[in-house]
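Remarks on the structure that follows.
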Amino acid sequence: MSKNQNNYTVASAAHKQIEKLRNQINKANYQYYVLNYPELPDSEYDRLLHRLQQLEAENPELITTDSPTQRVGHKPLSAFVQRSHEIPMLSLEKALDDNQMHQFDQRVREKLDQQTIVYSCEPKLDGVAISLLYENGELIRGVTRGDGETGEDITQNIRTIKTIPLKLLGAGWPKRLEVRGEVYMLKADFDKLNQTIALKGGKLFMNPRNAAAGSLRQLNSSVTAMRPLKMCCYSVGVFNGELPKDHYNVLQQLQKWGLCISSEIKLASSIKECIAYYNALLTRRNLLPYDMDGIVFKVNDLQLQQRLGAVSRAPRWAVAYKFPAHEEITTIEDITFQVGRSGAITPVARLKPVFIGGVTVKNATLHNMNEIKRLDVRKGDTVVVRRAGDVIPKIISVVMSKRPQNTKKTALPKICPVCGSQTQQEPDKAVVRCTGGLFCPAMRKEAIKHFASRRAMDIRGLGSKLTDQFVDRQLICSVADLYRLTAPMIAECEKMGEKSAENLIQALNKSKKTTLERFIYALGIPEVGETTAAALSHYFGDLTALTITDSETLENIDDIGPVVAKNIVSFFKQPHNREVVEQLIDCGIHWSEPVSKKSSGVNQEKAPLENQTWVLTGTLESMTREEGKAYLVALGAKVTNTVSAKTTAVVVGKKAGSKLAKAQSLGIQVMDEITFTQLLKELNSSPP
Ligand code: JCF
């Protein structure tokens, strides 16, 4: 009796859970396919579906025909005409690690009884799968993949995509030819599109894939026409006529007929080579201008593909080796505010730790108050976090259906969270600043950290934590106070002993001998970076001339505009700043006269990279960034830290972040390290 009772309880618990999962999945499907605005990231959707499949496998009596597991596709939009695919559009088997790749290869070789297999390798674009039908070389139909059996006729929209030929080029095309591929949007185009939508106050797309899907589902094809869509072809469906006998050459043929294919397609003669290709592309993932969710590997020989056939909706001759997900969901434990060197107060979301694409993410910046308003993000919310490559994690949306009751709107801080001074909103309302100036310990700490940093005064051993302690213990108030520290004062601090105190005193003394440009940079004048500091040093040649200059003089200098000029003048107008500078000189900070570029007379020959502006970003492997900079400078190039329309090229190392994205969005040439070193070799460059 009790056993029965138990069984009944277990079954009804499973039943409840299954119901709940089905509701969640149906809702997600609706948001994704009908509204084009999914709340959940793919990773979460996959987990829900997987959990439901598991529960249904354990309780087969609970499977219903309307369960989302019983169809792979989705509820179609009624607005478009349904078309069935003559040959189903299959999905791909997934591999999640090297082991599963080896298992795939093993199965293929066993089934074909063959030792070696040639595979084609290509990126798996994150877009929308579609099928094009050409008759006598003319595009007559475009249909979405839909559930693989039936899709929606979106011919009118497809015809607006410029990379899809309305008439095939050349000759020799089969009388009927069905071409399949992915419609996608470049990351840079997606950013621009969202910017335009934001200006009009519209609803932003989550990612390039949603933007592509939303653009294809427009009922008005003139809207689609304005969306920057592209298509990349990856296979052929129906055809009558002749085609090459292997996948690689079929794609080459499609290209000759005017269709786009991936420029990354390669052949590999073993699964090991496939895995190497995967790793190489994973490293370059952020460098490529489009989103990929993995790599597709296919048995290259079409006859072998036929022999392998398909099992339950996926071909046995292909596998998709997935990249780690970019997006996950987590909850916001708190929203705090950070004060930067300039007093700007940045909201930061403290997250329940979540593993995204290889790292644990605990914080995400919320940029500014506009961002908080746009997202309406609150403490306690469940949010979608995106960490695209190595870029700073970003909150892209709030899962409103998971918002707990009684959450409070996130308010902008009226007083500085560090010093209690009033805050001030900039005219554009996005940036809120602390008005405490150097009275605010946060701003003081940041100013001192900047002063001591490597590229500035280079005070070795004065790290962030130690600076915080010096300020908190009121041992120092300004950067000049650093040079008044004594070993016993330093030794008092946590984690410091006599030896390390002595070392820091030595480092402080060593830092006194510097250059004028480093010193100017170290002062931390708003928007005066290294390049501007160097220009000022070359132009004025000494400090006094700089401190008494005016805006007009400054604006004569290359690259110095009215804003920076004003910052410089007002910096040296403030008595407090003049005093600190004087004190620093009195402490013994000194430099030798800089050699003005104009008068140096050397290097009269035209340098190969003259008049070019380069940016180095990320970690280079064969050299430090400084060395890279020295090479470029020796070739006549100017090297700056910010990417702008004037930038000639950007050299990107590992973990490149926002500068890479900026370069891509501006369409500036991006160069990886190998290409860069090759260029240096060609130009016979050696650092000075
Ligand atoms: O880029 C893609 N998303 C992609 C999808 C590439 C391929 O070569 C594919 C695919 C889906 C199915 N191949 C098949 C057979």
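The values are calculated or read from the model by the stated rules, or taken from the named source; none is laboratory data. Values in this document were obtained by computation on a predicted structure and should not be read as measured data. Please note: Cβ atoms are built from the backbone with ideal geometry, for glycine as well, and neighbour counts cover all protein chains shown. Each accessible area value is taken on the protein alone, full model and side chains, heavy atoms only, with ligands, DNA and RNA left out. Shrake-Rupley method; radii C 1.70, N 1.55, O 1.52, S 1.80 Å.
In this structure, THR544 qualifies as part of a helix (DSSP H, G or I) and open to solvent by 40 Å² or more (accessible area, probe 1.4 Å). For region 137-152, the candidate set comprises residues that are modelled with pLDDT of 95 or more and surrounded by fewer than 17 Cβ atoms within 10 Å (Cβ to Cβ); within that set, the residue that is nearest to the ligand (Cβ to nearest atom) is ARG141.
Taking region 304-321 as the range and being in a strand (DSSP E or B), surrounded by fewer than 19 Cβ atoms within 10 Å (Cβ to Cβ) and more than 11 Å from the ligand (Cβ to nearest atom) as the test, only VAL311 passes.
Within the group LEU177, LEU169, which residue is assigned to a loop (DSSP other than H, G, I, E, B), in contact with a Phe, Trp or Tyr (Cβ under 6 Å, 6 or more places away or on another chain) and more than 14 Å from the ligand (Cβ to nearest atom)?
The conditions single out LEU169.
Considering only region 135-151, how many residues are touching a strand residue (DSSP E or B) at 6+ places or on another chain (Cβ under 8 Å) and more than 25 Å from VAL296 (Cα to Cα)?
The total comes to 6.
If we scan region 421-443, do we find a residue that is modelled with pLDDT of 90 or more, assigned to a helix (DSSP H, G or I) and surrounded by 20 or more Cβ atoms within 10 Å (Cβ to Cβ)? Within region 421-443 (the criterion being modelled with pLDDT of 90 or more, assigned to a helix (DSSP H, G or I) and surrounded by 20 or more Cβ atoms within 10 Å (Cβ to Cβ)), the answer is yes, since at least one residue qualifies. Hey, does region 163-176 have a residue that's closer than 24 Å to ASP291 by Cα, surrounded by 21 or more Cβ atoms within 10 Å (Cβ to Cβ), at pLDDT 95 or above and not hydroxyl-bearing (Ser, Thr, Tyr)? The answer is yes, given that some residue of region 163-176 is closer than 24 Å to ASP291 by Cα, surrounded by 21 or more Cβ atoms within 10 Å (Cβ to Cβ), at pLDDT 95 or above and not hydroxyl-bearing (Ser, Thr, Tyr). Looking at region 95-104, can you tell me whether even one residue there is of a type in the set (Asp, Glu), part of a helix (DSSP H, G or I) and either more than 14 Å from the ligand (Cβ to nearest atom) or over 24 Å from ALA212 (Cβ atoms) (or both)? The answer is yes; a qualifying residue exists.
Among the residues making up region 175-197, a single one is hydroxyl-bearing (Ser, Thr, Tyr) and touching a residue at least 12 places away in the same chain (Cβ under 8 Å): TYR184. Residues in region 338-357 that are of a type outside the set (S, T, N, Q) and open to solvent by 50 Å² or more (accessible area, probe 1.4 Å): ARG341, ARG350, LYS352, PRO353, PHE355. Total residues in region 126-136 satisfying the condition of being open to solvent by 30 Å² or more (accessible area, probe 1.4 Å) and either in contact with a His (Cβ under 7 Å, 6 or more places away or on another chain) or at positive phi (or both): the figure is 1.
Residue-by-condition table, conditions (1) modelled with pLDDT under 95; (2) within 15 Å of the ligand (Cβ to nearest atom); (3) under 30 Å from LYS192 (Cα atoms):
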position: ILE261; (1), (2), (3): no, yes, yes
position: CYS274; (1), (2), (3): no, yes, no
position: TYR277; (1), (2), (3): no, yes, no
position: LEU287; (1), (2), (3): yes, no, yes
position: MET292; (1), (2), (3): yes, yes, yes
position: ILE295; (1), (2), (3): no, yes, yes
position: ALA325; (1), (2), (3): yes, no, yes
position: ILE332; (1), (2), (3): no, no, yes
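Of the residues LEU40, LEU92, LEU55, the single one that is among the aliphatic types (A, V, I, L, M) and either loosely packed, with under 12 Cβ neighbours inside 10 Å or within 16 Å of the ligand (Cβ to nearest atom) (or both) is LEU92.
For region 240-257, enumerate the residues that are buried (at least 16 other Cβ atoms within 10 Å of the Cβ) and away from the ligand (no atom under 15 Å from the Cβ). Once the filter is applied, which keeps residues that are buried (at least 16 other Cβ atoms within 10 Å of the Cβ) and away from the ligand (no atom under 15 Å from the Cβ), region 240-257 yields LEU243, GLN253, TRP257. When HIS450 is tested against the conditions (1) in contact (Cβ under 8 Å) with a residue 60 or more places away in the chain; (2) part of a helix (DSSP H, G or I); (3) over 40 Å from the mean Cα position of the chain (by Cα), the lone failure is (3).
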